[in-house]
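Comments concern the structure below.
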Amino acid sequence: MARILRDCVYGQAVADALGVPYEFRPRGSFRCTDMVGHGSHNQPAGTWGDDTSMALAICDNYRELGRIDVDDIRERFVRWYRDGAYTVNGLFDIGNATREALERGHGLAGEWDNGNGSLMRTVPLAFTDATDDEVRAASAITHAHPTSTEACVAIVHIARDLIAGASSADVAGDIAARPVDEIRSGGFVRDTFDAALWCLANTSSYAECTLAAVNLGDDTDTTAAVAGALAGIVYGIERIPLEWLNKLRGKALIESCLF
């Protein structure tokens, strides 16, 4: 399991870094074909963002304590937000709901508080013994509405199915058959969930999956991060393009958080 967790986390980090330069750009206004730098956040090539930082904070909680401790995870998120913990060189991107929740000390539970800010960090929980209620509680640190918490539970179950050998088509179900024009890639949690599964089911390699996710546009880094985490499980780190892994920044930090 430790090896597959590594595949998953690197799969997420690489995909996150692919998407960072294109965040907020609409579909069709660009074409991502490789790992590049600058762009939306003016970061060097290979820089991953909030998606991976928060996933690493969760991994580090489990590595250190051997259990899901929501208060400890929240404290790690706050250190990320305030001090740049779990980043390559400081925080440069944070969702509004996540910021507000960390400022208030509790998750937001309104119907309009269903961004993808908890889903983006959740796949590594599949490698822990977290129960559904613990997954919900981890989401609710920032995103407490049932739409968000249940999406997180669902993605953990999907990841566990992939770990057990399920196919991409099996876990995607009816989502796989949708035309691309029906796949939304903004910040709504269910859209990110569907888009990640659509990319996984409609491609046949890690590179194809993650590039497809970025090229959907809009919330490019998060769509790619979720798709990349799942693709990492399916294909393994050895099938992530070596040139992308070589460009990836912060690998020592990633390694220090794995369990």
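At a glance:
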item	result
Table column - 3J(HN,Hα) (Hz), the stretch 237-243, Karplus curve with 6.51, -1.76, 1.60, x for Gly and Pro	5, 5, 9, 7, x, 4, 5
Approximate spin-label separation Glu255-His38, in nm, with each point projected 7 Å along Cα-to-Cβ	3.1
Cα-centred dipole magnitude for the stretch 1-122, charges only on beta-carbon of K, R (+1) and D, E (-1), debye, nearest 20	280
Simple label model, 7 Å out from Cα along Cβ direction - Ala164 to Arg82, nm	4.1
Part-to-part distance (alpha-carbon centres) for the stretch 2-60 and the stretch 163-214, which is given in Å	17
Hz values of 3J(HN,Hα) by residue in the stretch 115-132 - Karplus curve (6.51, -1.76, 1.60), Gly and Pro given as x	x, 8, x, 9, 4, 5, 10, 8, 3, x, 5, 4, 8, 9, 8, 4, 7, 4
The stretch 1-153 - Debye-derived log10 I(q)/I(0), Cα point model, q = 0.21 Å⁻¹	-1.40
Efficiency of FRET from Cβ geometry, Glu64 and His157, R₀ 30 Å, rounded to 0.05	0.75
Rh (Kirkwood; distinct C-alpha pairs) - the stretch 111-201, Å	13.3
For the stretch 12-26, Karplus couplings with θ = phi - 60° (6.51, -1.76, 1.60), whole Hz, Gly/Pro x	5, 4, 4, 5, 4, 5, 4, x, 3, x, 10, 4, 6, 7, x
Pairwise label distance in nanometres, Leu242 with Ser29, each label 7 Å out on the Cα-Cβ vector	3.7
Kirkwood-based Rg to Rh ratio, the stretch 208-259, C-alpha trace	0.98
Gln43 long-range amide H proximity, modeled H, under 5 Å	His38
Normalised contact order of the stretch 1-131, rounded percent, pairs of Cα under 8 Å and 6 or more residues apart	25
The stretch 2-257, dipole about Cα centre (Lys/Arg Cβ +1, Asp/Glu Cβ -1), debye to the nearest 20	560
Rg over Rh [alpha-carbon atoms, Kirkwood Rh] for the chain	0.92
Amide N of the stretch 64-91 lying under 16 Å from the label point, which is placed 7 angstrom from the Cα of Asp133 along Cα→Cβ	68-71
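Read the figures in this text as sums done on the coordinates, not as results from a lab. This is a predicted model, so every value here is computed, not measured. When we count neighbours, we look across all protein chains shown, and the Cβ atoms used for this are built from the backbone with ideal geometry, even at glycine.
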